[in-house]
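We did not get these values from a lab; they are worked out from the coordinates using the rules stated. None of the values given here were measured: they were computed from a predicted structure. Reconstructed Cβ throughout: ideal geometry from the backbone, glycine too, with neighbour counts over all protein chains shown.
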Amino acid sequence: MFAARLAPILARRGIHYGWVMVAVTFLAMLSTAATMGSPGVFIEPLRAEFGWDTSSITAPLSLRFALYGLIAPFAAVPLMRYGIRAIVGSAAALIAIGLLASTQMTSLWQLWASWGLLLGLAAGMTATVLGSFVATRWFTTRRGLVVGLLTAANATGQLVMLPIAAWVAATYGWRMAFAPLLILLAISATLMLLFGANHPSDLGLAPLGESAIVPAPRPPAKAIQASFAALAEGIRSPVFWILAATFFVCGLSTLGLVMTHLIPLCQDYGVPSIQAAAILAIIGGFDFIGTIASGWLSDRYDNRWLLFWYYGLRGISLMALPYSGFSFPALTVFAVFYGLDWVATVPPTVRLAATSFGRDKAPMMFGWIFASHQIGSAIAATAAGLSRDALASYLPAFFAAGVACILASALVIMRPRRTPQVA
């Protein structure tokens with residue numbers, strides 16, 4: 001609405017409007033991602049109120065993770081066709097409906113419908129693919145930094161609201177804990193509607209780092225076929241398989257495991273829920289630093305070796321956690337070390353996808369790679385819940401995730417070098 005008026009004012013001051021898009025997209029991704037992380041706070045209250053076991057509660061969360069990822073390969077085409085403002089606004093509305101509906105649930109199927117189906121579909125529309133979409137359209141230079149910033153928004157949003165949600169849940173009940181999330185959603189959607197723009201050419205601008213105005217690409221007439229065509233190209237490429245396999249491990253070792261189960265794990269060892277949520281918030285804060293730094297590094301160094309170190313160090317931290325004694329100082333050390341690496345893997349993965357498959361195909365190709373990430377998340381969310389119910393311990397799931405990270409670290413350096421396409 002105001003983009004066409006604001007863009008020339010900023011241009012006269014040497015500020016590209018792409019940075020405004022980064023700001024409003026950052027807030028939109030942070031607010032929608034906060035709804036992905038919040039259910040971890042509610043596992044214990046739901047067990048207490050409804051008598052459901054851990055695996056029954058986490059199974060709908062697994063559906064949410066899977067849908068969050070499986071929407072990703074198809075998210076780029078609606079973004080191209082309907083524009084970022086319409087998609088972000090629609091996603092925020094669906095998330096709000098899902099959260100409000102869950103406050104009235106009395107049966108387990110309603111948890112599947114609200115937290116599983118609605119939140120998974122809506123959040124998937126504004127997942128990491130949205131950040132890749134904005135970065136590749138608006139930036140040629142500084143693209144790695146922008147991917148780092150927007151990835152940090154997505155990951156940090158999943159964690160930073162947890163202490164607030166945990167405090168509200170402990171003080172006023174778990175239903176009231178959705179209020180801060182709904183307020184943040186309303187603010188972010190409003191700013192996107194007011195200041196969002198779909199493409200630099202809509203404002204008479206070239207992407208940052210280029211001088212020629214590039215017209216917006218026309219969306220494919222058949223969105224589903226275009227997405228599956230990208231997948232068909234991907235499965236013929238060793239690069240795609242390596243990136244998908246390692247990103248599967250990324251999801252397995254972050255969202256599905258730590259974000260969902262760290263709070264109840266800490267409660268098993270006597271750590272109060274508010275303190276456990278604070279540990280996740282510390283992870284989120286240091287993730288913000290680590291992911292932005294990773295974006296900066298991905299513009300300058302071999303992305304394969306960055307991923308080698310990221311996965312290796314993450315695996316070590318997960319296998320060391322059971323020996324921490326679960327004291328608050330030890331958990332804080334874990335949070336700092338692990339947080340710096342929470343999703344630092346995303347900027348190098350996005351950049352490798354863009355250089356391997358080209359700028360126009362990168363969002364859809366990364367969408368499929370991100371789908372593998374969320375399948376890993378879904379498996380970890382369910383498997384860790386089953387581990388807790390069957391073995392009375394989450395620790396086997398954490399050890400298994402650590403080993404998987406070490407294997408991913410070895411796999412990623414097998415990616416062959418490839419002559420970059422236009423990216």
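What to note about this one:
- Efficiency of FRET between Leu194 and Ala11 - r from beta-carbon atoms, R0 22 angstrom, step 0.05: 0.70
- Near Leu208, the amide H atoms lying under 5 Å from its own belong to Phe139, Thr140; only residues 5 or more places off or on other chains count, and H is placed 1.01 Å from N.
- Of the peptides 10-18, 56-64, 404-412, the ranking by mean beta-carbon count within 10 Å, highest at the top, reads 56-64, 404-412, 10-18.
- Fully extending the segment from Asp389 to Ala86 would add 104.9 nm, taking 0.36 nm per residue of separation and subtracting the current Cα-Cα distance.
- Added length on full extension, which subtracts the Cα-Cα distance from 0.36 nm per residue, Arg304 to Ser327: 4.8 nm
- Placing unit charges on each Cβ (+1 for Lys and Arg, -1 for Asp and Glu) gives the chain a dipole about its Cα centre, and among Met414, Pro163, Ala335 the Cα reaching farthest toward its positive end belongs to Met414.
- Geometric extent, Cα atoms of the range 306-397 - Rg, Dmax (angstrom): 16.5, 49
- Rounded, prolate or oblate (a/c below 1.5 giving rounded, otherwise prolate when a/b exceeds b/c) for the range 11-84 by Cα gyration tensor: oblate
- Summarising the overall dimensions of the chain from its C-alpha atoms, the Rg and Dmax are 20.4, 64 angstrom.
- Per-residue extension of 0.36 nm, minus the Cα-Cα distance of Ala229 and Thr103, leaves a gain of 41.3 nm for this segment.
- At 1.002 mPa s and 20 °C, Stokes diffusion of the range 1-152 via Kirkwood alpha-carbon radius, µm² per second: 128 µm²/s
- Oblate is the label for the range 178-287. Its Cα gyration tensor axes, ordered a ≥ b ≥ c, give a/c of at least 1.5 and b/c at or above a/b.
- In units of the rule-of-thumb radius 2.2 N^0.38 Å, the range 77-148 shows an alpha carbon radius of gyration of 1.38.
- Electrostatic dipole magnitude of the range 298-423 [Cβ: Lys, Arg +1; Asp, Glu -1; Cα centre; debye, to 20]: 420 debye
- Charge dipole of the range 1-149 about the Cα centre (unit charges at C-beta), most positive-ward option of Pro8, Trp112, Thr35: Pro8
- Each peptide in 276-282, 19-25 receives the mean, over its residues, of other Cβ atoms within 10 Å, and ordering these scores from highest gives 276-282, 19-25.
- Distance between modelled label sites at Glu210 and Ala23, nm, 7 Å Cα→Cβ extension: 2.5 nm
- Equivalent ellipsoid semi-axes, the range 108-260, via Cα gyration tensor eigenvalues times 5, rooted, Å: 32, 23, 16
- Cα-based shape type of the range 350-410, given that a ≥ b ≥ c are square roots of the gyration tensor eigenvalues and the cut on a/c is 1.5: oblate
- A simple spin-label model places the labels of Ala4 and Tyr172 4.1 nm from each other, with each point 7 Å out along Cα-to-Cβ.
- Ordering of 251-259, 331-339 by packing is 251-259, 331-339, highest average first (other Cβ atoms within 10 Å, averaged per residue).
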